[in-house]
Each structure stands twice: as structure tokens, then as C-alpha cells.
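Structure, as C-alpha cells:
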Amino acid sequence: MKKILFPTVFSETSINAFKYALEVANQFNASITTVHSFIAPMAMATPGVLIQDVVEATEKKEQEEYNFFIRKMHDISQEAGRLHIEVNNRLEYGLAVDEVVDMADEEDFDLIVMGTEGSEGFGRWLIGTHTSNVVKKAKCPVFVIPDEAKYRPIKKIAYATDFKTLKDEVVDNLMEWVKRFGAEFHFIHIAHKGEYIDVDEYQNLEEIVDMSKKYDNIKFKIIYDNDVLDELEDFAEDNNIDILMMVKRKLSFFQRIFEPSLTQQMTFETEVPLLIFHQ
């Protein structure tokens, strides 16, 4: 990992998320590019001769706020002893989700780190929705930091697996994070009561069990419960998990209607930082 993209909206949630971005950049020797996207309010309804003036005035105001936030991020870097990390800052005109996703794709960013405030209240809903849409559309992994998750040293990482997404590339990515942070690693599977495991899933299960036997810092657990979301949250809280990892699978049209993605739900509701890889 060499390049981290950090979208910001100048909030306390963004401040919190930036601390995580710094630590990830430090462990992976990566650079950070912060980006703030904006649009001119009601520019489309303004007479043509004034549109440019509206855009320029909005850009000036946004740049002033951005400069203030950049100074805040510099102070955070200094306090954390992370001034050696390269941090670049960009102000972009456009819709936030589109700008972030396009920028990450076109410029080959390895990771997006962004905060979310959940789904209570209009402002919280708006930020939560932006984060969820970036998770849905981005091709690179997305590291979602809820505002409740105040930064602490990363010592325990858990991977929520359905036994269907245990690909070599995913496992390599997981283990690289574990190695970089020197963390204890938990494989966790929440199975519905009465659920059976097919042949391919059983083979993946065997591989996980073998890995857990070889390494002291790898643990494995299956929990049987019908409420997957609550059980994941309880497991993370009870075991002091610092990062919960998941893989977002592609769903068919009908699955998207009748089986809402667990990763999408988790981006709204989790209180634990959530690292999402794409299948």
C-alpha cells in the first residue's frame, strides 16, 4: 500500500478518522491525499452570467475552511509524531461521492479512509449515506471510521467471514494488516441456527482451522444466531476488537432488493472501525 485517499467534510468525525489514516500510513509507509469536494449552492438556478461568480465565491469560502482544517491536521500529525508522513491536500468541485470514487480509481489509490456518523438525524444520515455509497462504488478497500471509535493502538483485528470469500488475495491482504500492526487476529463466522455448510465452504473452514493451529495470534470462532449484525457488534465489543474486516460481495438485482448487504448495514450502525474489501 502506497497511497491513501482521505475525503473530509471538516467535522469532528473527520478529525477522528484522520488519526486512523495517519497510523495506517505510518505502518505501511504510505502517503495521504486529503480531498474536499464542494458544489455551488443553487448554481443551476442562477442566471448564466452569475454562475461563475457563485462558483468562485463558494470556492473561496470552501478554501478558507479547508485551510483551517489543514492546520488542524498538521497539529494532529505533530502531536502524534507523524510529521514525516507525506500529506497532500486537494479541493475539488463536484459531488462528493463521485469525486472520491473517480479520484480513487483514476489515480490508483490503494485505500480510502473516511469517517461516518451513522444514521440518526438528517446531518448524520447525509454523511452516513455518503460513506455507504463510497463503499458501494469504490474498487479499492474502504476503511470506515465511526465517530464513536476514538483512536487507540490497533492490537486486535477480526475478519467476519461467510466461508465463501476466503480467496488468496483477501487472506494476503488480511494478514498483511495483521503483520504490520503486530495484531492478534480473529476469524469469526456468524451462522444462522440450523444453517449447513457446503463442500466449498467446509474446505475454507478447514483452511482457517489449520491456520489458527499454526499461529498463536490467530483465533477462530463460530457463533450460531439469527441476528448476524447484533452478534458481530457484541463479539467486537466483548473482545475489544480494534478493526472489523469484511468482504463486500457482488449481489444480483433480486438479492439487492430482498437481502440488503450486511456491509452496507454495518457502515451505518457499527461502533468499531470497519475495513471493507471488495470481492
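Read the figures in this text as sums done on the coordinates, not as results from a lab. Since the model is a prediction, treat every value here as computed from it, not as a measurement. Virtual Cβ from ideal backbone geometry, glycine too; neighbours counted across all protein chains shown.
Determine ³J(HN,Hα), in whole Hz, for all residues of the range 84-100 in sequence, where each value follows from phi through the Karplus function 6.51 cos²θ - 1.76 cosθ + 1.60 and θ = phi - 60°; x replaces Gly and Pro.
Using θ = phi - 60°, the values come out as 6, 7, 6, 10, 10, 10, 9, 9, 10, 8, x, 6, 4, 4, 4, 5, 5 Hz.
Treat the count of other C-beta atoms within 10 Å as a stand-in for reagent exposure and order 135, 87 from fewest to most.
Details: 135 24, 87 20.
Least crowded to most crowded, the residues run 87, 135.
Excluding residue 19 itself, calculate the net charge of residues whose Cβ lies under 13 Å from the Cβ of residue 19, where each Lys or Arg counts +1 and each Asp or Glu counts -1. Each step should come with its number before you reach the end.
On the way: positive: 72, 82, 150, 152; negative: 12, 23, 75, 79, 147, 242.
That works out to -2.
Kindly put 74, 36, 84, 278 in sequence by how many other C-beta atoms sit within 10 Å of each C-beta, fewest to most.
Working: 74 12, 36 22, 84 9, 278 18.
Ranked by crowding around the Cβ, least crowded first: 84, 74, 278, 36.
When a footprinting reagent is the concern and you count Cβ atoms within 10 Å, what order do 227, 147 take, fewest first? Before the final figure, lay out the partial values.
Numbers: 227 11, 147 19.
Ranking 227, 147 by Cβ neighbours within 10 Å, fewest first, gives 227, 147.
Here are some pairs, 60/137; 156/179; 19/155; 72/137; which of them have Cα atoms lying more than 21 Å apart in this structure? Don't jump to the answer; show the numbers that get you there.
Numbers: 60/137 30 Å; 156/179 11 Å; 19/155 16 Å; 72/137 29 Å.
Exceeds cut-off: 60/137; 72/137.
If amide hydrogens are placed 1.01 Å from N in the peptide plane, which non-local residues have theirs closer than 5 Å to the one on residue 220?
Correct list: 187.
Can you work out the Karplus-derived ³J(HN,Hα) for every residue in the range 179-190? Use 6.51 cos²θ - 1.76 cosθ + 1.60 with θ = phi - 60°, whole Hz, and x for glycine or proline.
5, 4, 8, x, 9, 7, 10, 10, 8, 10, 10, 9
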